[in-house]
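Have a look at the structure below before the remarks.
The values are calculated or read from the model by the stated rules, or taken from the named source; none is laboratory data. Here the structure is a predicted model, which means the values were calculated and not measured. Counting neighbours? That spans all protein chains shown, and the Cβs are built from the backbone with ideal geometry, glycine included.
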Amino acid sequence: MGGYGAMKFGLKFPDKFVFAASMSGALQAPELDQIPQVPAFILTSVKRAFGPVDSPVRANNDIYKLVGSLLDDRKKQLPYLYLDCGTEDDLVQSNRNFSGMLISAKIPHEFRELPGTHSWPYWDQQVQEVLRIATRIFNHTPPVTTTVSPVKSTQ
């Protein structure tokens with residue numbers, strides 16, 4: 001669940017990141033155990049990662065709840081959020097939904113739907129684009145400045 005984690009950490013810790021990207025992210029992850037016909041191994045994984053449905057762990061790590069609770073000042077601090085998903089990927093609707101929530105919350109982001117499935121050929125192609133975008137973002141990030149105090153003379 002790399003895309004989900006990228007969004008979660010970007011939203012929770014904007015002071016630590018300037019860029020967060022998701023390719024074919026399982027952005028509905030905390031709610032997978034509430035969807036009929038989800039395979040048992042996924043249900044087990046979701047419960048292990050997020051805890052029971054009404055648990056504080058789940059609430060504190062739900063990206064939809066994180067977006068809904070952001071104040072305007074905090075929104076301004078968020079990293080550049082990028083999402084993409086293949087149009088034939090079963091996860092495309094959850095990516096559309098998350099992008100829609102970001103739009104409603106007036107959170108700048110980039111979302112792309114491109115031909116492809118939830119597969120390595122899609123990711124091999126898209127990782128090149130994500131790296132180009134990351135390079136562009138990193139190159140426009142102001143450099144870290146260090147203040148050096150002058151050394152006092154002992155003479």
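So, LYS16, is that one surrounded by fewer than 19 Cβ atoms within 10 Å (Cβ to Cβ) and in a loop (DSSP other than H, G, I, E, B) or not?
So LYS16 fits the description; yes.
Please determine, by comparing only the residues of segment 19-49 that are assigned to a loop (DSSP other than H, G, I, E, B) and in contact with a helix residue (DSSP H, G or I) (Cβ under 7 Å, 6 or more places away or on another chain), which one is surrounded by the fewest Cβ atoms within 10 Å (Cβ to Cβ).
That would be VAL38.
Say we look at segment 50-70 and pick out the residues that are within 15 Å of the chain's Cα centre (by Cα) and charged (D, E, K, R); which of these is surrounded by the fewest Cβ atoms within 10 Å (Cβ to Cβ)?
LYS65
State whether one or more residues within segment 95-107 are without any contact (Cβ under 8 Å) to a residue 40 or more places away in the chain and of a type in the set (S, T, N, Q).
yes
Which residue is nearest to the chain's Cα centre (by Cα), if the candidates are limited to segment 71-90 and must be over 15 Å from GLN126 (Cβ atoms) and free of Cβ contacts under 8 Å to residues at least 60 places away in the same chain?
Only one residue tops the list, namely LYS75.
Could you check, for segment 90-100, whether at least one of its residues is within 20 Å of PRO115 (Cα to Cα), assigned to a loop (DSSP other than H, G, I, E, B) and modelled with pLDDT under 95?
yes
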